[in-house]
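S.K.: Before anything else, here's the structure in question.
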Amino acid sequence: MAQHNPHHNLGTVLSFEFIRTVTKGRFWIGTLSVPIIIAVVFGLIFLSNTTTDTAADAQKSAQFSISYTDASGLITAADAALFRATPAASPDAGIQAVQSGAVDAFFDYPAQPESTTVRVYGADQGIFENGKYAAVAQALLTHAVNQKIDSPQLSALAAGQVKIETVTYDGTQESGGLGSVIPPMVFLVIFYGLIVLLAGQMLNSTLEEKENRVTEMILTTLKPTTLIAGKVIALFGIGLVQMLVFLSPIVIGRLFFPEELSLTALDLPPLILDPVRMTVGLLILVGGFALFTTTLVAIGAVMPTAKEAGNFMGVMMALIFVPFYAVALVISDPQSVIVQIFTFFPFSAPVTALLRNGFGSLSLPEAGIVIAILFVGAAVMLRVAVRLFQYGSISYTSKVNVRTALRAGPRRPSADKPPTTPGR
């Protein structure tokens with residue numbers, strides 16, 4: 001029998017799996033939908049903010065006839081004249097003037113506007129246009145108060161226009177606050193994106209050959225370990241492509257819209273890149289992705305059809321969302337028993353550990369244990385996947401008995417002997 005170069009075979013599997021996936025239209029539809037949706041959302045938010053600011057400015061400067069009463073004595077004749085407002089004889093008279101159409105709006109300022117509601121009455125001009133009445137009433141009162149203060153500095157303080165910077169310390173070291181939380185939390189977002197988009201691909205990577213009845217032919221020229229390892233590595237490459245695509249809106253936004261997407265515009269604190277937490281986050285991301293990939297590949301090796309495998313994929317997807325039911329506890333009491341279980345249980349560990357790493361409650365010893373669990377778990381599941389695929393590769397109509405497959409010795413279809421299905 002001809003000898004086959006295992007490195008050549010691995011490269012063949014890698015290139016085949018990678019190229020087969022990235023050349024499919026549905027792969028790019030799913031992958032590109034994420035950055036497109038992000039770009040559309042940011043665009044709508046930016047457009048909405050611009051429109052809202054323009055509308056608010058327009059409403060404050062809107063021109064319409066106004067009458068008012070002022071029990072507080074804050075508004076002078078000069079203030080009212082600036083807004084072309086005229087005094088009303090009484091609140092009832094002001095309301096009647098609006099009802100009769102004599103004026104467009106009537107403002108009733110109480111004796112203590114800081115604690116009592118200011119009443120605004122106006123002619124109905126539609127739900128969007130009616131907002132101008134309250135905007136002008138507020139602008140008139142603010143102008144009058146600023147005139148009373150007669151100091152730009154005190155006016156700014158009274159309006160709450162004060163920049164406050166908070167510095168916190170963890171012992172003698174300055175802690176980063178929100179600015180140190182955001183960067184490592186990016187790994188959690190990437191983890192969710194990769195698992196949600198690639199879970200089906202992971203599951204089907206071994207099912208396609210089984211459903212097409214070609215596994216016994218493939219295994220006559222390839223070792224099961226080479227085949228499964230090639231598929232897993234190819235999935236890592238596909239995940240890397242998707243990760244780069246996910247980050248593309250941020251890169252493009254920073255290059256072409258630096259002011260709109262600046263931290264100041266988003267009202268965010270300066271970002272602090274802690275090399276330790278970023279390294280831990282990256283290792284947890286890679287380990288968690290490897291564990292879920294090998295596990296889903298193993299499930300695909302057990303199941304005869306994609307339909308039956310879909311039920312197990314739902315369970316796997318649920319496991320990565322379970323920690324969010326206790327997210328408040330994860331943040332406020334990371335040493336509680338339930339959080340510790342979520343942290344070290346392999347299939348909830350990636351999300352829980354990434355959350356804790358982002359908020360700075362994951363110690364280095366704990367991080368080391370979690371990373372070891374994930375990588376060792378991925379290696380074990382890779383071995384299990386190989387054994388299950390080797391045993392159940394030709395079980396086309398029934399689910400493989402996992403216990404029997406793991407206890408059985410390695411089996412490989414032969415080109416000289418027709419394969420038989422286990423259990424028949």
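S.K.: Only sites in a loop by DSSP and with at most 14 other Cβ atoms within 10 Å count here; which trypsin sites (Lys or Arg not before Pro) in region 60-152 make the cut? Working shown, then result.
M.R.: On the way: sites: LYS60, ARG84, ARG119, LYS132, LYS148; in loops: ARG84.
Answer by residue number: ARG84.
S.K.: Separate question: When the expected Rg is taken as 2.2 N^0.38 Å, what fraction or multiple of it is the alpha-carbon Rg of region 57-158?
M.R.: Values: Rg = 13.4 Å, N = 102, 2.2 N^0.38 = 12.8 Å.
This ratio for region 57-158 stands at 1.05.
S.K.: Give, in nm to one decimal, the length gained when the segment between ILE341 and LEU273 is fully stretched (0.36 nm per residue of separation minus the Cα-Cα distance).
M.R.: Numbers: separation 68, 0.36 × 68 = 24.48 nm, distance 2.83 nm.
Extra length available between ILE341 and LEU273 comes to 21.6 nm.
Bear in mind these aren't lab numbers, they're just calculated from the coordinates by the rules spelled out. The shown structure was predicted, so the numbers you read here are calculated from the model rather than taken from an experiment. Neighbour counts are summed over all protein chains in view; Cβ atoms, including those assigned to glycine, are modelled from backbone coordinates with ideal geometry.
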